[in-house]
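One structure is given below, encoded as structure tokens.
The values are calculated or read from the model by the stated rules, or taken from the named source; none is laboratory data. Everything quoted here is computed from the prediction, not taken from an experiment. Positions of Cβ are backbone-derived with ideal geometry, glycine not excepted, and every protein chain shown enters the neighbour counts.
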Ligand SMILES: Cc1ncc(COP(=O)(O)O)c(C=O)c1O
């Protein structure tokens, strides 16, 4: 279903609506116009980062970890030791591609975790995975180039590439029509979040990953694998990464395949570190370094020094055990409450990992763009499905986050949402 209200919102001169940034367009002004891509943007992520800090609001919206579980003491201690170790170097500009010791540490960790052979030449450190997405857009997308992505897909990736004006083709993992290879042939790269996808929580089976890699190899395209949720598994481990499957088919040499793997410390330690990385063929890393140079000159050496120390301390392993158990309980609490209060109007699968439940409306009257307004009045937030499509195509689903709130808060959030649905259907449908 095409959302006509969404099309209106994209036209800056009309009602800006819920998700448009305030562009301050004054028709009587003779200043030059803002760039065209802003008309197709939205500010949903900015709204969720703001709502996350409002005390009376329950946010089932953002993709935020539980703040009360951050390993604050371990980070405090790592910061002191990192500053002693690195001294003023931690306060300098650093190499564009990142602190060499951190690149080494990531290469070693990734070699072990992904069962490949990586050196620091295969690694660039970025400000979260988000900056990797942005610089990959700079390196690969010319205006009108095609990207094959999951539909729905991560809104941050759409945001990162919006100014480059790509076209999109849906990634059909099961390849029901047998068209995946030809779809890929028309594209520069395929973008996927196969482990507990954002927004759907789906864990893609190994057979479908293998098929995608085979088609990508035949088509000769890059494969961008974004993997922030791999450690957050609640019902058994994640499937092997595309990078792992690709390495298995190579000999023992340094990695030179088509997969660009993105990792981050945001979900497994804390997003405030802003430390992520891309792992790829060394020539791709050189291109990404050129693109990054014009983005930020140098990432924060301070954060990278602290991240290096945290990896030396192996904080991630022990911290993940703690958060996985807490998040499993939260997922179960949210899903149980939703079964009691939302199942008349929505259906969903319980996600085996990650941070999100994807709820599809059973009731055709429900437009989640409109429901979002009623939910805000009840002081609860979710993310409407339209923002996960490049043209806002589908407005009959919503993404709920279960990691940010304690179980009681999540249950209250779902009850508020049920009240919002009831009021919406009574008044507007
Ligand atoms: C699929 C996906 N990729 C990338 C990111 C960005 O993560 P980072 O905090 O590392 O920039 C997120 C954050 O929610 C995400 O869900």
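Tabulated data for the structure shown
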item	result
Number of the exception - residue 343 against (1) part of a helix (DSSP H, G or I); (2) without any contact (Cβ under 8 Å) to a residue 12 or more places away in the chain	(1)
Entirely in region 119-232, the strands (runs of 3 or more DSSP E) that have 1 or more residues that are within 19 Å of the chain's Cα centre (by Cα), on the phi < 0 side of the Ramachandran plot and buried (at least 23 other Cβ atoms within 10 Å of the Cβ)	123-126, 146-149, 189-192, 222-226
Subset tally (residues that are within 12 Å of the ligand (Cβ to nearest atom), outside any helix (DSSP H, G or I) and more than 15 Å from the chain's Cα centre (by Cα)) for region 253-274	1
From the options 277, 358, residue that is assigned by TED's automatic domain parsing to the domain that holds residue 228, within 16 Å of the ligand (Cβ to nearest atom) and assigned to a strand (DSSP E or B)	277
Only one of 315, 285 that is at pLDDT below 95, buried (at least 16 other Cβ atoms within 10 Å of the Cβ) and over 24 Å from residue 153 (Cα atoms)	315
Conditions (1) at pLDDT below 95; (2) surrounded by 24 or more Cβ atoms within 10 Å (Cβ to Cβ); (3) touching a helix residue (DSSP H, G or I) at 6+ places or on another chain (Cβ under 6 Å); number of the one not met by residue 383	(3)
Residue 179 within 16 Å of the ligand (Cβ to nearest atom) and not assigned by TED's automatic domain parsing to the domain that holds residue 35	no
Any chance residue 326 is more than 15 Å from the ligand (Cβ to nearest atom) and assigned by TED's automatic domain parsing to the domain that holds residue 403	yes
Close pairs (9 angstrom Cβ cut-off, 6 or more residues apart or separate chains): without any contact (Cβ under 8 Å) to a residue 40 or more places away in the chain and not assigned by TED's automatic domain parsing to the domain that holds residue 146 in region 195-218, within 16 Å of the ligand (Cβ to nearest atom) and part of a helix (DSSP H, G or I) anywhere	none
For residue 327: the one exception among (1) within 25 Å of residue 168 (Cβ to Cβ); (2) assigned to a helix (DSSP H, G or I); (3) under 18 Å from the mean Cα position of the chain (by Cα)	(1)
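Let's see how each residue does on (1) part of a helix (DSSP H, G or I); (2) modelled with pLDDT of 95 or more; (3) assigned by TED's automatic domain parsing to the domain that holds residue 332:
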site	(1), (2), (3)
391	no, no, yes
399	no, yes, yes
411	yes, yes, yes
417	yes, yes, yes
420	yes, yes, yes
